[in-house]
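Below: one structure, written as structure tokens.
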Amino acid sequence: MAGFLIVNPHSGSGNDADELLREAKVRKIAVHSLEERDDVAELARGADADALGIAGGDGSLATVAEVALERGLPFVCIPFGTRNHFARDIGLDRDDPVGALDAFVHREERVIDVGRANGRLFLNNVSLGIYAQLVHRRERHRRRSDAFARLRAFAILAQHRQPLGITLDGQPLTARVVLVSNNEYTLELLSVGEREELDGGKLHLYVPAGLLRPSWIERGAERFEIDAKAGRLNAAVDGEPEVLETPIEFTIEPRALRVLLPRHPGA
């Protein structure tokens, strides 16, 4: 068996899918270039392979990672999106998707945690509130111009001044944004940064203390439960729009996923 790679040729901007496909074949990696009606999970389940990978953005990784976990196979991430946050945190060069292909050939294995929201696997984080609303609007208007999307974003920020109306582990939580992450992020001014580890065995929950104040409420735990009277909440799961039924149970599976990385020279 050989590695199997699914490539999203339309992911990100400025990526050369043809070059990636050529270089994958040079390394004798079985490759499938996604078409509109393809089912990514079924492609991964049906592959005769000893490792499963995907070249795409953050939102496309979890589907293949879930199948790799189900099949007991290692997972390979090829950074081919816009931001590639998971690739950055796992230690890959986000600007070198071709180099990341070497994970299939010259392998170095790392075992990491995965998060779940009502059973749905996530590698980075789940966001509720304003950011999730922006992601859902982006999906609905993705074919319109970037300038229009930015104007819509500012309009949403101006309109959504009320808190989410949620509870955290049974206690009321006043917040317009909630982020639950797989392991701990470094905190920066008005944003979260990188993760230094992906095998710490804990979820982390972040709530900004104020829109214009550089402070956060932060908690770490192996489980969180977020509830809302509405019965469901718009969410952004690894940056992709999702609607989650409430209560949302967030859990972590420590050291569940095997990830392959290119072996460093001399290792």
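The values are calculated or read from the model by the stated rules, or taken from the named source; none is laboratory data. From a predicted model like this one, the values you see are computed outputs, not experimental measurements. When we count neighbours, we look across all protein chains shown, and the Cβ atoms used for this are built from the backbone with ideal geometry, even at glycine.
Summary of values
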{"item": "Failed item in (1) under 18 Å from the mean Cα position of the chain (by Cα); (2) within 21 Å of Arg258 (Cβ to Cβ), with Arg27 passing the rest", "result": "(1)"}
{"item": "Matching entry among Gly12, Gly46, Gly99, Gly72 (being at pLDDT below 95 and either farther than 25 Å from Leu198 by Cα or not charged (D, E, K, R) (or both))", "result": "Gly12"}
{"item": "Residue within segment 159-170 that is at pLDDT 90 or above, outside any strand (DSSP E or B), among the polar types (S, T, N, Q) and over 20 Å from Ser11 (Cα atoms) present", "result": "no"}
{"item": "Any pair with Cβ under 9 angstrom, 6 or more apart, that starts in segment 176-188 at a residue that is surrounded by fewer than 18 Cβ atoms within 10 Å (Cβ to Cβ) and ends at one that is part of a strand (DSSP E or B)", "result": "Thr186/Val192; Thr186/Gly193; Thr186/Glu194; Thr186/Arg195; Leu187/Gly193; Leu187/Tyr206; Leu187/Trp216; Leu187/Glu218"}
{"item": "Residue check for Phe75: over 20 Å from the mean Cα position of the chain (by Cα) and crowded, with 21+ Cβ neighbours inside 10 Å", "result": "no"}
